[in-house]
Amino acid sequence: MKQEPGQRHKLKYKRVLLKLSGEALMGDKGYGIDPTTVEYMANEIKKIVDIGVEVAIVIGGGNIFRGVEASVKGMERASADYMGMLATVINALALQNALERIGLQTRVQSAIEMRELAETYIRRRAIRHLEKGRVVIFAAGTGNPYFTTDTAAALRAMEIGANVICKGTKVDGVYTADPVKDPTAKKFDEISYIDVLKKNLKVMDSTAITLCMDNNLPIVVFNIKKADNIKNIVVGKKVGTIVKG
């Protein structure tokens with residue numbers, strides 16, 4: 001898609017880290033990957049690549065395996081977390097396939113070496129891919145047990161110099177309580193990192209929030225299911241909730 005003259009200069013965020021949960025890929029199914037949902041995600045990502053945004057993605061694995069839940073049921077935590085990391089690789093490959101089918105150059109970089117499937121994560125190479133207009137999907141979390149994919153998203157965003165973390169969820173922002181369970185829950189248009197931590201709001205885990213706070217990296221929480229939301233965020237429209245200092 002050809003860009004209009006000056007279109008790049010209208011972007012509020014030039015390089016974004018998109019954080020997707022594994023659950024976001026399963027659509028209305030209770031488990032696994034829904035091809036129609038993955039295709040929708042790919043088309044939403046293409047909209048921002050087409051206007052000159054550099055896109056990196058961190059994806060969870062909760063639609064296949066959740067390490068924390070398995071460890072609660074008796075599995076040794078480190079082993080359970082490694083299994084969760086492998087689930088994120090499956091999701092990354094599914095998303096890569098959907099993106100490449102609609103013409104986007106994509107690279108999967110894994111924090112755990114698996115050369116037949118993905119590149120090993122190398123920061124400089126990831127940045128070079130972004131500069132060349134390729135979508136980079138970071139798989140296998142941080143490569144370490146006990147760290148969530150939220151923390152991986154914050155870490156990778158910092159490493160690649162992203163301007164913002166866009167966290168796609170099932171709701172349209174951050175609320176005082178779960179809006180699905182509590183109809184009186186109020187939505188925040190803007191909230192500080194400290195308030196997120198104090199109120200124990202489930203935006204991202206506390207390690208990820210603290211990392212973003214220490215490095216002054218904004219987080220936009222938005223509804224991934226609403227078309228054009230990501231595009232509206234990068235051009236500066238008010239969408240969801242922004243978490244910042």
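Values quoted throughout were computed directly from the atomic coordinates according to the rules given, and no laboratory measurement underlies them. A quick note: this is a predicted structure, and the numbers were derived from the prediction, not measured. Cβ sites come from the backbone with ideal geometry, for glycine too, and all protein chains shown count toward neighbours.
I want to verify a result. In a Gaussian network model of the chain, Cα cutoff 10 Å, which of these has the top mean-square fluctuation: 167, 19, 199?
Answer for the Gaussian network model of the chain: 199.
If amide H atoms are built 1.01 Å from N in the plane of the peptide, which residues on other chains or at least 5 residues away come under 5 Å of the amide H of residue 63?
22, 23
What number does the range 152-228 give for Rg over Rh if you use C-alpha atoms and the Kirkwood radius?
0.97
When the Karplus curve 6.51 cos²θ - 1.76 cosθ + 1.60 is applied with θ = phi - 60°, which whole-Hz ³J(HN,Hα) does each residue of the range 106-115 get, with x for Gly and Pro?
9, 10, 9, 10, 9, 6, 10, 5, 8, 4
Could you tell me the relative contact order of the range 7-244? Use alpha-carbon pairs under 8 Å, at least six residues apart, and round to a whole percent.
Once divided by the residue count of the range 7-244, the mean separation gives 23 percent.
So what is the diffusion coefficient of the range 13-99 in µm² per second by Stokes-Einstein at 10 °C and 1.306 mPa s, using a Kirkwood Rh over Cα pairs?
For the chosen part, D equals 116 µm²/s.
Pop out the ³J(HN,Hα) list for the range 174-180 in order, Karplus 6.51 cos²θ - 1.76 cosθ + 1.60 with θ = phi - 60°, rounded to Hz; leave Gly and Pro as x.
9, 10, 5, 8, 5, x, 5
Assuming a viscosity of 0.692 mPa s and a temperature of 37 °C, what translational diffusion coefficient in µm² per second does Stokes-Einstein assign to the chain, Rh being the Kirkwood radius over Cα pairs?
It comes out at roughly 182 µm²/s.
Using helices alone, what [θ] at 222 nm do you get for the chain, with -39,500 (n - 2.57) per DSSP H run of 4 or more residues, divided over all residues and rounded to the nearest 500?
-11000 deg cm²/dmol, from helical runs alone.
What is the set of long-range amide H partners of residue 120 at a cut-off below 5 Å, with H atoms built 1.01 Å from backbone N?
Answer set, sorted by chain and number: 110.
Longest segment of the chain with no chymotrypsin sites (Phe, Trp or Tyr not before Pro) in a DSSP loop having at most 15 other Cβ atoms within 10 Å?
Counting only loop sites that pass the neighbour cut-off, the longest clear stretch is 32-145.
Mind listing the long-range amide H neighbours of residue 167? Cut-off is under 5 Å, sequence gap 5 or more, other chains count too, H placed in the peptide plane at 1.01 Å from N.
So residue 167 has HN proximity to 19, 220, 221, 222.
Per-residue HN-Hα couplings for the range 161-167, Karplus 6.51 cos²θ - 1.76 cosθ + 1.60 at θ = phi - 60°, whole Hz, x for Gly and Pro?
Whole-Hz 3J(HN,Hα) from phi for the range 161-167: x, 5, 7, 6, 9, 9, 9.
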